[in-house]
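Visitor: Below is a structure I'd like to ask you about.
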Amino acid sequence: MSEQSRRPRGPAKPYRRPQKDPVRILAFEALRAVDERDAYANLVLPPLLRKARDKGDFDARDAALATELVYGTLRRQGTYDAVIAACVDRPLREVDPPVLDVLSLGAHQLLGTRIPTHAAVSASVELARVVLGDGRAKFVNAVLRKVAQHDLQGWIEKVAPPYDDDPEDHLAVVHSHPRWVVSALWDSLGGGRAGIEELLAADNERPEVTLVARPGRATTGELLREDAAEPGRWSPYAVRLAEGGEPGAVEAVREGRAGVQDEGSQLVALALANAPLDGSDARWLDGCAGPGGKAALLAALAAERGATLLASEKLPHRAGLVARALHGNPGPYQVITADGTRPPWRPGSFDRVLMDVPCTGLGALRRRPEARWRRRPEDLDSFAPLQRGLLRTALDSVRVGGIVGYATCSPHLAETRAVVADVLKQRPETELIDARPLLPALPALGEGPDVQLWPHLHGTDAMYLALIRRTG
């Protein structure tokens, strides 16, 4: 018998069950859904929160923390990946995705919140024990203790290349955007370090909740009676809710008389509706209407003028969302399911046409932070033919003298000015009209005639709009 085996053994350490933390378990489940199913957090998180509240597990503070953990982790994923990569002994691609999600949640608590270090580490290790098991919880503990050795600025100095050596990679790590997105946004802004840093920082801010009072159905005065509601900055129909404001608690929103809609989206619809027009103004078209926010505002504006809106959407389930948004509109309207590149209506049928085309969504990264990690440069090639085809359809669909609005929630030049220039080069019977006078309160609208909105300059999504008149 060995010397070691003759030594008396101490009492075995009793097994301690891991402590289940409903907030962090829910945040982990949301991140897994985003990773595994390519879901969007803004669609996954609300039902998870409702279920937790219904079970009695959550109060308002719990919901706020869970929301911050999910969105904060997604927004800063690129930065946290660089930090975690410096703390593990293998490439990140070899770390199991569920383990990486727990590590990212822990990194956000350590580097992006005011949660004390010991609490952030211990809560993350307990989460790992619940969802991963004791073995991998030890790995999580070891890595997060390394992460805790520096604050965020200290880590950025270690893992980001100096700006002078590689400006784009520096900004990509510091502001948590893929390098190609940094490059594309920089090109769209026209250069300069200050502007791109402000834009990337704005993409990582929590966006305000903005409501729209649909004309003839609700007023801003009614919405402003809500707690902590403030007037919008630019749109006469906009009302902003303070942080933590719950749209579902607003009666007009529940009844469909108002909706949640970014001011940039409202401004695009308003600019098209207010563009000067000679002759008939009775038939309007929204050719890519889903999910229905712009269509609902356009339909309400059309009703005030005795005009009719046709809202067309290719995908049946999105057409259903459009129908729901327009239900109760005070004037006549129609919702159809149709392919905008092969339209069922006759050419020249409409006085005003909006084509808010499918795109990469790089203008809404504040609201869908995970989109920045899913998109690839090659996605631009897949959208390009569709965007051009839909703009051609819009120009065919409008009468001579009528107005087309080409819009997209992306500032990428390949999805904005390049599309408009390519199509109009083949359509001499068209002319660009200056959209800037139709947004008179907004600063920094550039040289025109088209308009690009920006989160850091206007507090909106990065919506693009070109207004085109058919002249022959």
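The values are calculated or read from the model by the stated rules, or taken from the named source; none is laboratory data. Note that the structure is predicted; figures quoted are calculated from it, not measured. Heads up, the Cβs are rebuilt from the backbone with ideal geometry, glycines too, and the neighbour counts pull from every protein chain shown. Ligands, DNA and RNA are excluded from the accessible area calculation, which covers all protein heavy atoms including side chains. Shrake-Rupley method; radii C 1.70, N 1.55, O 1.52, S 1.80 Å.
Visitor: Helix-only mean residue ellipticity at 222 nm, the chain, DSSP H runs n ≥ 4 weighted -39,500 (n - 2.57), per residue, nearest 500. What is it?
Guide: One gets -14000 deg cm²/dmol as the mean residue ellipticity at 222 nm.
Visitor: Quote the Stokes-Einstein diffusion coefficient, in whole µm² s⁻¹, for region 165-272, based on the Kirkwood radius over alpha carbon pairs, a temperature of 37 °C and a viscosity of 0.692 mPa s.
Guide: Approximately 207 µm²/s, per Stokes-Einstein.
Visitor: Same structure again: Determine the percent antiparallel among the DSSP beta bridges restricted to the chain, to the nearest 5.
Guide: 55
Visitor: Over the chain, give the accessible area per residue in Å² for a 1.4 Å probe, as an integer.
Guide: With the other protein chains kept in place, the chain gives 46 Å² per residue.
Visitor: Which whole-Hz ³J(HN,Hα) couplings does region 306-316 yield from phi under the Karplus relation 6.51 cos²θ - 1.76 cosθ + 1.60, θ = phi - 60°, glycine and proline marked x?
Guide: x, 9, 10, 10, 9, 10, 10, 9, 6, 8, x
Visitor: What is the set of long-range amide H partners of residue 356 at a cut-off below 5 Å, with H atoms built 1.01 Å from backbone N?
Guide: Here 287, 288, 407 satisfy the definition.
Visitor: In bins 20 Å wide, starting from 0, what share of all Cα pairs of the chain does each bin hold, as a percent?
Guide: The calculated distribution, bin by bin, is 22, 50, 23, 4, 1, 0.
Visitor: Counting Lys +1, Arg +1, Asp -1, Glu -1, what net charge surrounds residue 262 among other residues with beta carbon under 13 Å of its beta carbon?
Guide: That works out to +2.
Visitor: Starting from 0 in steps of 5 Å, tell me what percent of the Cα-Cα pairs of region 280-417 lands in each bin.
Guide: Final binned percentages: 2, 11, 19, 21, 21, 14, 8, 4, 1, 0.
Visitor: Rounded to the nearest 10 Å², what accessible area does residue 147 have for a 1.4 Å probe in the complete protein model?
Guide: Rounded to the nearest 10, the figure is 0 Å².
Visitor: Oh, and also: Each residue of region 183-195 in order: what ³J(HN,Hα) in whole Hz does its phi give by Karplus 6.51 cos²θ - 1.76 cosθ + 1.60, θ = phi - 60°, with x for Gly and Pro?
Guide: 4, 5, 5, 4, 4, 5, 6, x, x, x, 6, 4, x
Visitor: To make sure I understand the rule: partners must be lysines, Cα under 21 Å from the Cα of residue 146, and not fewer than 8 residues away in the same chain. Which ones qualify?
Guide: 138, 158
Visitor: Might you work out the accessible area of residue 327 for me, using a 1.4 Å probe with all protein chains in place, and round it to the nearest 10 Å²?
Guide: 130
Visitor: Taking 8 Å as the Cα distance limit and 6 or more residues as the minimum spacing, I'd like the relative contact order of the chain as a percentage.
Guide: That works out to 11 percent.
Visitor: Using amide H atoms built 1.01 Å from N in the peptide plane, name the residues 5+ places from residue 335, or on other chains, whose amide H lies under 5 Å from its own.
Guide: 311
Visitor: Related question: Skipping prolines and chain starts, which residues have an amide H placed within reach, meaning under 5 Å, of the one on residue 401, given they are 5 or more residues away or on another chain?
Guide: 470, 471, 472
Visitor: Only Lys, Arg, Asp and Glu count, each charged at its Cβ (+1, +1, -1, -1), so figure out the dipole size of region 281-342 about its Cα centre, rounded to 20 debye.
Guide: Using Cβ point charges on Lys, Arg, Asp and Glu, region 281-342 gives about 120 debye.
Visitor: Sort 168-180, 63-75, 79-91 by packing, meaning the average of other beta carbons within 10 Å per residue, with the highest value first.
Guide: Those peptides, ordered most packed to least, come out 63-75, 168-180, 79-91.
Visitor: What are the ³J(HN,Hα) values, in whole Hz, obtained from phi via the Karplus relation 6.51 cos²θ - 1.76 cosθ + 1.60 with θ = phi - 60°, for each residue of region 120-137 in sequence order, with x given for Gly and Pro?
Guide: 5, 5, 5, 5, 5, 5, 4, 4, 4, 4, 6, 9, 10, x, 5, x, 6, 4
Visitor: Continuing with the same structure: How big is the convex hull of the Cα atoms of region 389-460, per residue, in Å³?
Guide: Convex hull volume per residue, Cα atoms: 100 Å³.
Visitor: Separate question: Taking the Cα centre of the chain as the origin and placing charges on Cβ (Lys, Arg +1; Asp, Glu -1), which of 148, 416, 273 is farthest toward the positive end of the dipole?
Guide: In the chain, that residue is 148.
Visitor: Charges only on Cβ, +1 for Lys and Arg, -1 for Asp and Glu: so what's the dipole of region 305-370 about the Cα centre, in debye to the nearest 20?
Guide: For region 305-370, the charge dipole is close to 100 debye.
Visitor: Something else: Once you charge only the Cβ atoms, +1 for Lys and Arg and -1 for Asp and Glu, what is the size of the charge dipole of region 394-472 about its Cα centre, to the nearest 20 debye?
Guide: For region 394-472, the charge dipole is close to 180 debye.
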